[in-house]
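Working notes for the structure below.
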Amino acid sequence: MTSLPRPILVGIGAAWAAAIGAQVAGVAALANHDSLLTGDRPPFLVGALIALLAWQVMIAAMMLPSSLPLVRLYGRATERAPERRRSMAAFIGGYVVVWSAFGLAAFCFDASIHAAVNSNSWLRHHDWWIGGTTLALAGVFQFTPLKDACLDKCRHPAQFLTRYYERGPAGGFKLGARHGAFCVGCCWALMLVMFAAGVASLVWMALLTAVMIHEKTRPTGAKAVPVTGVALLGAASIVLMYSAYAAGAA
């Protein structure tokens, strides 16, 4: 059996070490969307670059682990290929490009939400609606056909590889990008929770990583999808009701 490429495993471990190290050193909050978009914030392009760099850590720490079954199969398929290392690098590169594009789009959307809050007095006093609504959106998405369709592609890496495999670095890049697109399709709402919780939250990183790995790789993963949906909807209800009560009592 073909083992997983060592650089990928090292990259995953390094990403978690960087996230933990940043938290321990007290600098993780600098990559939080509140630090980048409110108060004494950096210029927008600088903030976007910082967010994009932090997003690379999350891609390696959170998303790559759930894609390791396909990475292993792709390594086996290219074992005797003349450009094996370049093909694997292109495969990972295509995957990262798609997730990076989503991360940049999410940051821009987050910036628009902050601008709306700053320009609207009602939203400034009820900004807790944003976090609660994000949790509710993630919960509802767990029950949609799009979630099921994209998750099905991710849960059957052998079928996916057989259908879309092409030789060479260009084929590897297209395969990685296609897989990344389906991965975004089934996990985008869960990753939005990271923006609501703060990209530097180790607890949410670990929890969401475990959920996505289980959904995409374990035999009971499909059954866990609605359970996660109910849990997210319950969390959204608690956040919204408690915040509304606290706002009313203030």
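The values are calculated or read from the model by the stated rules, or taken from the named source; none is laboratory data. Keep in mind that this is a model prediction, so the values were computed, not measured. Cβ coordinates were reconstructed from backbone atoms using ideal geometry, including for glycine residues, and neighbour counts include every protein chain displayed. Calculation scope for accessible area: heavy atoms of the full protein, side chains included, ligands and nucleic acids excluded. Shrake-Rupley method; radii C 1.70, N 1.55, O 1.52, S 1.80 Å.
Numbers below:
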| read-out | value |
| --- | --- |
| P(r) histogram, all alpha-carbon pairs of segment 130-224 included - 10 Å bins from 0, percent | 15, 42, 30, 11, 1 |
| Rotationally averaged projected area of segment 109-148 (alpha carbon convex hull; nm²) | 3.2 |
| Full-stretch length increase - ASP40, GLU83 - with 0.36 nm per residue and alpha-carbon distance subtracted | 10.7 nm |
| Loop-located chymotrypsin sites (Phe, Trp or Tyr not before Pro) in segment 42-82, at most 13 other Cβ atoms within 10 Å (DSSP) | none |
| Two-site FRET efficiency, ALA29 against THR144, from Cβ-Cβ distance with R₀ of 45 Å, rounded to 0.05 | 0.85 |
| Rg followed by Dmax, in Å, when segment 20-160 is reduced to its Cα trace | 19.0, 63 |
| The chain, accessible surface, carbon-and-sulfur percent (1.4 angstrom probe) | 68 |
| Computed [θ] at 222 nm, helices only, for the chain once each DSSP H run of length n ≥ 4 contributes -39500 (n - 2.57) | -26500 deg cm²/dmol |
| Ellipsoid equivalent to the chain - semi-axes via the Cα gyration tensor, in Å | 34, 21, 15 |
| Given charges at Cβ of Lys, Arg, Asp, Glu: the chain dipole, positive-most of HIS33, ILE130, PHE102 | PHE102 |
